[in-house]
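Undergrad: Here it is: the structure, laid out below.
Only the coordinates and a few stated rules stand behind these numbers; no lab work does. None of the values given here were measured: they were computed from a predicted structure. In this analysis, Cβ positions are derived from the backbone assuming ideal geometry, glycine residues included, and neighbour counts consider all displayed protein chains.
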Amino acid sequence: MRTIPSDRIAATTRPRLADGRLDLREFSRLAGAVGGYPYVKVVFDREESVLHFIDSADGTLHVRYIAGQILGLPLDELARGLDAFNDDVYRNPERRFYLGTLARHGREAGGDFLSLETVDVDTMSQDMLRFFYHRVRAHIDPAVPLVLKPANHRQEGYIARIPEAEIPRVLSHELYSTAAFVPLAAGEARGRLRVFRSEEEYRADPEPLEWQDIVVMPRVPEDIPRVSGIIHAEHTTPLSHINVMATGWRIPNAVGIGALDRIERAGLAGRWVRYRVDADGEDLVLEAAEPGTGGRESTRPATPDERVAVELPDLAPTPITPLSELRTGDGARFGTKAAGLGELTHLLEHGSPRWLGFYRVPRPPRENLLRYLARQLDLPEDADETELGSAAQRLVKEHVQVPRGIVLPFSLQQRFLDSSPRLRDALARLDRTLRDGSADGAADGSADATADGTSEADRIREHCLDVQRLVRTTPVPAPVRTEIERAVDRHLYGSPAQVVRSSSNAEDLPGFSAAGLYESVADVSGTEAVLDAVREVWASLFSPRAVLLRSQAGIPLEHCRMGVIVQEQVGATVGGVLVSCNPLSPQDFRNVYLNISPRSVTDVVTGRGAPIQYLCNTLEGGSRTVSLGTTGTDLDAGTKELLRRLALISRLVQAHFAPDETYGAPVDIEWAIAGDRVDLLQVRPFRTTG
């Protein structure tokens, strides 16, 4: 390990660096890189009054440096006492060591400057932060600007009380808004670069996007077909429908500010390129490449060994059922979304023996993370699992709920479809066209022409639109209508408005997320409006985009059905989506990522306006704002605290829904805040590319 000798960095009058200061040249010699930013870790030793600039190229951790280079502590001894060691350096108000990181920011943020930041779990007081900043400032070249970057919401409050003339500062969301590159999903692809400078230009282009295309736009709309890669030329959120779906497609996806001009200068528009996104890269990679075989290497339907597996629908006669009576195993009759919400409803009421799973898992050298959970639940660190489970259940019951609702099963949709000979014939024509297209390789959305000059894709679209028109206009049979009316009256009495939502068996699958693919209808009131909304949701199963995407994934039309959730619509002051992981850093097991709109969940998932973005630490506690989005204003302290509790609850929910005993599979939760409680609107697996 290469370090700067202490006699060059002592906070005394002894010689330190050239001219007694760290300059940008020396910074570059020591720097490592993460997320595209060069950084150097620093440690101030109060006992020796020495500031250490650590050679950070190999990613050496602060605690390993302190143990090995300052204390002479063997690594096995450090491992045995790691939690106590971390408590001492991050939580002890009388600590010997102050730990921080210097990061260099370039011209995209207004010129070269360094930011000083602690880790997000550090509990430094206002006075400690002030002391640390001034001590580091004294050992950096005066010509290099140094700002303090608060690591969490608590530190932001401290810094706000210090004059900016004394301590310049930059907030996380200010840096994020200037970041030229944000990796949304790592990966590599070869394809044809399709460039559009606006959504209007994209809509007007007569040539449809195909599988081999890599699309570049300021903000990619959520209704694009499956492609080989995505580049957003403006900032977006990782949790919009299109970005969640792109993750499910396992394709490279990134924000690249300036990508449009860069592509134009290189003359790459319309050409075949190699596109790569690295999670820790400094920029996306675009290089000219040879066309694929025949120019169409990725535009083929899924082969049998690549097809997405879908659970066959159970069409046995089934009554309309309250959400509270469904469980995970009911997906074959009601759809995965309804089954997940039913399981969640039961979970919140009755608890789970798997609550603690995420925190039970060993994180070497830690035997488990239960002591961290105990802290978050305001229990003694040695609380046993019975106490932890009871406290977790109290937390959940106090803060979250699932709005009441009913679910229309697949069998009810089938009764409706069977009621109309015209509808049955239209479905048969669509199915035949899909089968013919799959046989000759054209059901992938490509433009291969048939004998009459019409492309197979166009014929599929025409048949889809015909089926949708018939679904929307065919009267609901009287017995089906009566069953829906009675279920709404019995289970949703007193509800002034409902939201009618999709729940298919062809969604939330490995390799096929279907995020945003099917319809939901809000602000529904009255029998006729409910029936119209139900038919709209049924019709969305047959939209051209849904049918083509499923066909590309190898999911037959006959295997797909649509259940419908009719749910009490809740009033909400704030809404959003969270995933119980950090999608921008897959190795981060501490943080939960939240996207927030002061208006509605819809704003987040559709990508209309950039949301507020938070990271909430579910081990040591605390949270920080990553982006203020287009709102420009952060949330109040009470809402931040409620969202921190929601993040902790999401870890408990993740453990319950985990498919194995690693408890590592994150979940995606849609939520809305009304008063001092959070309504959970959806839970589903979050498929990462890692």
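Undergrad: Could you pull out every residue, at least 5 positions away or on a different chain, whose amide H is within less than 5 Å of the one on residue 211? Hs are placed 1.01 Å off N in the peptide plane, and Pro or chain starts have none.
TA: Under 5 Å from the amide H of residue 211: no residue qualifies.
Undergrad: Follow-up question, since we're still on this one. Taking the 0 to 90 degree range and rounding to the nearest ten, how far is the long axis of helix 126-137 tilted relative to the main principal axis of the chain, both from C-alpha atoms?
TA: 70 degrees
Undergrad: Tell me the mean residue ellipticity at 222 nm calculated for the chain from its helices only (DSSP H runs of n ≥ 4, each -39500 (n - 2.57), averaged over every residue, nearest 500).
TA: -10000 deg cm²/dmol
Undergrad: What are the ³J(HN,Hα) couplings of region 157-169, residue after residue, when phi is run through the Karplus curve with 6.51, -1.76, 1.60 and θ = phi - 60°? Round to Hz, x for glycine and proline.
TA: Working through the residues one at a time gives x, 4, 5, 4, 8, 9, x, 5, 5, 7, 10, x, 9 Hz.
Undergrad: Still on this structure, please answer the following. Show me, for region 394-410, the HN-Hα J-couplings you get by feeding each phi into the Karplus relation (A = 6.51, B = -1.76, C = 1.60, θ = phi - 60°), rounded to Hz, glycine and proline as x.
TA: In residue order, the calculated couplings are 5, 4, 5, 5, 6, 10, 10, 7, 10, x, 5, x, 10, 10, 8, x, 4 Hz.
Undergrad: Assuming 0.36 nm per residue, please report the length gained on full extension of the stretch residue 166 to residue 178 beyond their Cα-Cα distance.
TA: On the way: separation 12, 0.36 × 12 = 4.32 nm, distance 2.42 nm.
Value of the extension gain: 1.9 nm.
Undergrad: A further question follows. Starting from the Cα-Cα distance between residue 264 and residue 394, subtract it from 0.36 nm times their residue separation and give me the gain in nm to one decimal.
TA: So the chain would gain 41.1 nm between residue 264 and residue 394.
Undergrad: Taking 0.36 nm per intervening residue step and subtracting the Cα-Cα distance, what contour gain separates residue 367 from residue 188 on full extension?
TA: 60.8 nm
Undergrad: At residue 28 and residue 473, where each label point lies 7 Å from the Cα along Cα→Cβ, what is the point-to-point distance in nanometres?
TA: Those two pseudo-labels are separated by 6.9 nm.
Undergrad: Run through every distinct alpha carbon pair of region 6-170 and return the Kirkwood hydrodynamic radius in angstroms, one decimal place.
TA: 16.4 Å
Undergrad: Also: What relative contact order, as a whole-number percentage, does the chain give when Cα pairs under 8 Å and 6 or more residues apart are counted? Numbers along the way, then the final one.
TA: Details: 1427 pairs, mean separation 89.2, N = 690.
Normalised by residue count, the contact order of the chain is 13 percent.
Undergrad: I need the shape label for region 409-567. Rule: rounded when a/c is under 1.5, else prolate if a/b > b/c, else oblate, with a, b, c from the alpha carbon gyration tensor.
TA: prolate
Undergrad: Related question: With a Förster radius of 30 Å, plug the Cβ-Cβ distance of residue 349 and residue 485 into 1/(1 + (r/R0)^6) and report the FRET value to the nearest 0.05.
TA: Computed FRET efficiency for residue 349 and residue 485: 0.65.
Undergrad: Is region 181-300 best put as rounded, prolate or oblate by its Cα gyration tensor, with a ≥ b ≥ c the root eigenvalues, rounded for a/c under 1.5, and otherwise prolate when a/b is larger than b/c, oblate when not?
TA: Numbers: a/c = 1.19, a/b = 1.12, b/c = 1.06.
It is rounded, given that a/c, with a ≥ b ≥ c, falls under 1.5.
Undergrad: Also: With θ set to phi - 60°, apply the Karplus curve 6.51 cos²θ - 1.76 cosθ + 1.60 along region 469-486 and write out the HN-Hα couplings as whole Hz, x wherever there is a Gly or Pro.
TA: Using θ = phi - 60°, the values come out as 4, 5, 4, 6, 10, 6, x, 6, x, 3, x, 5, 4, 4, 5, 5, 4, 5 Hz.
Undergrad: Let me ask something else. Could you point to the label whose value was computed as Cα extents along the principal axes in Å for the structure here, given [x] 93, 62, 44; [y] 91, 62, 48; [z] 81, 61, 55?
TA: [x]
Undergrad: Given a Förster radius of 25 Å and the C-beta distance between residue 288 and residue 197 as r, what FRET efficiency does 1/(1 + (r/R0)^6) yield to the nearest 0.05?
TA: Using R0 = 25 Å, I get an efficiency of 0.75.
Undergrad: Still on this structure, I have one more. Under 23 Å between alpha carbons, and skipping anything fewer than 8 positions from residue 337 in its own chain: which lysines qualify?
TA: Correct list for residue 337: 397.
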